[in-house]
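Scroll down for the structure; my scribbles are underneath it.
Just so it is clear, none of the values below were taken in a lab; they were calculated from the coordinates. In this text the structure is predicted, and so the values were computed from the model without any measurement. Quick reminder, even Gly has a Cβ in these numbers, built from the backbone with ideal geometry, and neighbours come from all protein chains shown.
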Amino acid sequence: MKLFISTESEKNASDIWSEIYNSTSQKLDFICSKDMNLEEKDNYGIEFKNIGIISIIASNRLKEWGLKERKLIKRKSKEADIRLYIDYEKFIKSSFEVQKLMYIENIMDSIDIVISRSKGDFKGEQLKQDILNALDLTYEDLKDI
């Protein structure tokens with residue numbers, strides 16, 4: 001299984017997200033690598049080959065233009081496409097550390113949606129724990145944001 005993470009955001013939020021992504025992407029390479037052979041990576045089950053998590057960090061103006069959350073599961077192609085909002089105003093005004101935690105929380109929430117819609121062998125809780133371990137975080141770290 002491969003995890004694809006990205007964002008749809010306004011310029012100022014996108015710049016912050018890029019910095020967060022650059023500081024975390026190597027640690028998540030075990031599940032996000034573009035070079036990864038999907039057949040070799042079934043440690044989270046075979047129900048999904050690809051899970052896309054796109055964080056939406058946008059002001060109300062962009063939301064009004066049609067930037068919407070998505071919770072799409074494609075069973076035949078074994079894919080999930082999850083797009084959830086991150087509170088734009090809070091994200092912009094927070095410290096870098098809080099911004100990073102908000103983003104990781106968004107990833108965890110997205111995986112929770114996939115878990116809730118899973119009908120097979122998806123090991124989402126293990127995936128979440130492996131992500132937290134790779135980033136040297138705990139669930140406690142995410143509680144106070």
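What the table shows:
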| quantity | calculated |
| --- | --- |
| Residues of the range 130-140 that turn out to be part of a helix (DSSP H, G or I) and either in contact with a Cys (Cβ under 6 Å, 6 or more places away or on another chain) or exposed (fewer than 14 other Cβ atoms within 10 Å of the Cβ) (or both), as a count | 3 |
| Odd one out for Asp109 among (1) surrounded by 15 or more Cβ atoms within 10 Å (Cβ to Cβ); (2) acidic (Asp, Glu); (3) touching a residue at least 40 places away in the same chain (Cβ under 8 Å); (4) under 19 Å from Lys2 (Cα atoms) | (3) |
| Every residue from the range 75-96 that is over 17 Å from the mean Cα position of the chain (by Cα) and either of a type in the set (A, V, I, L, M) or closer than 17 Å to Met108 by Cα (or both) | Ile92 |
| Single residue of Glu47, Glu8, Glu97, Glu19 found to be of a type in the set (Asp, Glu) and assigned to a strand (DSSP E or B) | Glu8 |
| Pick from the range 67-94, criterion in a strand (DSSP E or B) and among the charged types (D, E, K, R), ranking: nearest to Asp15 (Cα to Cα) | Arg83 |
| Single condition Ile145 does not satisfy, out of (1) touching a helix residue (DSSP H, G or I) at 6+ places or on another chain (Cβ under 8 Å); (2) closer than 30 Å to Lys11 by Cα; (3) not in a loop (DSSP other than H, G, I, E, B) | (3) |
| The range 114-127, residues that are assigned to a helix (DSSP H, G or I) and surrounded by fewer than 18 Cβ atoms within 10 Å (Cβ to Cβ) | Ile115, Ser116, Arg117, Glu125, Gln126 |
